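Working notes, structure below.
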Ligand SMILES: Cc1cc2nc3c(=O)[nH]c(=O)nc-3n(C[C@H](O)[C@H](O)[C@H](O)COP(=O)(O)OP(=O)(O)OC[C@H]3O[C@@H](n4cnc5c(N)ncnc54)[C@H](O)[C@@H]3O)c2cc1C
């Protein structure tokens with residue numbers, strides 16, 4: 001197939017902060033773009049997006065409406081609510097089939113598919129996730145009042161989190177199981193931070209519609225809490241990048257080079273799916289930057 005016969009110059013898979021920002025940049029360069037989005041951004045459990053200049057406190061739904069509004073003025077950008085289901089390459093052109101049965105072709109592909117969080121299998125965890133069970137003090141620390149629990153996989157990790165939370169004036173309870181033998185420096189930090197160490201495994205969360213009230217420990221004790229920080233395990237939201245042959249790093253992120261190119265020529269990635277930094281603002285910047293490199297790549301291939 002003649003490369004110029006592709007329907008689109010770029011197909012963006014994923015229309016969250018990263019994908020929509022990439023679509024904006026490419027739309028402003030008059031590139032023909034299709035953005036496919038399956039409608040499940042990782043922050044959909046939260047009521048508001050924080051630490052985001054110009055849109056501080058916007059709800060994830062309103063953010064999505066804002067993306068559509070921002071892109072609506074660019075006639076070369078098409079947004080479609082649909083999941084990319086498969087990806088094949090032939091004669092320099094990518095063909096993407098979607099869950100709804102449609103198929104589209106493009107010269108370049110940009111994965112902005114994000115991450116999905118695997119929560120500890122504790123009753124109540126899912127209902128509280130993004131509301132009172134949290135993972136990022138920079139996104140959701142400021143609003144917090146009262147007592148916060150910390151339950152990550154290691155004492156060092158929990159203490160690092162406690163150090164970050166310390167300036168917020170919260171009471172902090174650190175859950176460990178079994179009781180750890182603290183090193184001298186860990187014990188000093190526990191004292192300095194005023195952290196209460198509690199031995200116990202979380203068995204369930206008591207909550208009202210996601211508002212945490214207390215945690216129940218495996219031995220039957222309860223601890224009143226307003227918030228809980230956990231170390232969530234994030235995995236690729238979509239298996240399509242791996243099925244397309246993109247290499248992952250040892251942290252399960254899509255491996256990219258300085259130009260946002262993946263290990264597969266013609267496929268780029270941006271946002272959470274390839275970044276250790278998990279902020280809306282970082283994902284937006286990543287989308288803008290990846291789109292600029294895709295534009296340059298298309299300019300180069302036109303010239304040769
Ligand atoms: C609970 C929670 C709360 C957060 N709160 C904040 C906050 O307050 N402030 C902040 O700065 N950051 C916050 N973050 C982080 C922030 O939400 C992410 O960094 C940001 O959403 C990443 O943007 P993204 O576009 O890379 O991925 P996402 O926003 O996750 O978007 C990825 C999109 O790709 C789509 N997709 C996946 N696979 C396919 C496919 N095969 N076909 C089509 N579409 C597909 C998904 O449906 C989704 O819409 C939070 C994260 C979580 C988990």
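How would you order 164-173, 23-32 from highest to lowest mean count of nearby Cβ atoms within 10 Å? Please report the intermediate quantities before stating the final value.
Details: 164-173: 15.7, 23-32: 20.8.
Per-residue mean Cβ counts within 10 Å order the peptides as 23-32, 164-173.
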Can you sort 255, 108 so the residue with the fewest Cβ neighbours within 10 Å comes first? 255, 108
Taking just the alpha carbons, could you work out the radius of gyration and Dmax for the range 153-304, both in angstroms? 21.7, 70
Quick check: the angle from helix 60-71's long axis to the longest principal axis of the chain, C-alpha only, nearest 10 degrees? 20
Angle between the chain longest axis and helix 155-165 axis [Cα atoms, degrees, rounded to 10]: 80
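Rg over Rh of the range 204-249, using C-alpha atoms and the Kirkwood radius, what does it come to?
On the way: Rg = 17.9 Å, Rh = 13.8 Å.
When Rh is taken as the Kirkwood radius, the ratio is 1.30.
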Quick check on the range 120-230: what are the equivalent-ellipsoid semi-axes from the Cα gyration tensor, as sqrt(5λ), descending, whole Å? 21, 17, 11
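Return 9, 56, 184, 126 ranked ascending by Cβ neighbour count within 10 Å, so the fewest neighbours appear first. If you can, show how the numbers build up before the last one.
On the way: 9 20, 56 10, 184 7, 126 15.
Listing 9, 56, 184, 126 from fewest to most nearby Cβ atoms yields 184, 56, 126, 9.
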Whole-Å distance linking the alpha carbon centroid of the range 225-304 with that of the range 13-28 is 13
Which of the peptides 245-253, 206-214 is most tightly packed, and how do the rest follow, judged by the mean count of other Cβ atoms within 10 Å per residue? 206-214, 245-253
According to a simple spin-label model (label point 7 Å from Cα along Cα-to-Cβ), what is the distance in nm between residue 239 and residue 81? 2.6
For a label point 7 angstrom out from the Cα of residue 145 toward its Cβ, which stretches of the range 153-189 have the backbone nitrogen within less than 14 Å? 169-171
Can you sort 104, 111, 175 from fewest to most other Cβ atoms within 10 Å of each residue's own Cβ? 104, 175, 111
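Expressed as cubic angstrom per residue, what is the convex hull volume of the alpha carbon set of the chain? Write down the numbers at each step before the final one.
Details: hull volume 43.2 nm³, N = 304.
Convex hull of Cα atoms, per residue: 142 Å³.
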How many nm separate the modelled label positions at residue 211 and residue 191, each set 7 Å beyond the Cα in the direction of the Cβ? 3.9
Treat each spin label as a single point 7 Å out from the Cα along the C-beta direction, and report the residue 89 to residue 292 distance in nm. 2.5
Estimated FRET transfer efficiency when R0 is 22 angstrom, pair residue 68-residue 45 (beta carbons, to 0.05): 0.55
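Values quoted throughout were computed directly from the atomic coordinates according to the rules given, and no laboratory measurement underlies them. Since the model is a prediction, treat every value here as computed from it, not as a measurement. Cβ coordinates were reconstructed from backbone atoms using ideal geometry, including for glycine residues, and neighbour counts include every protein chain displayed.
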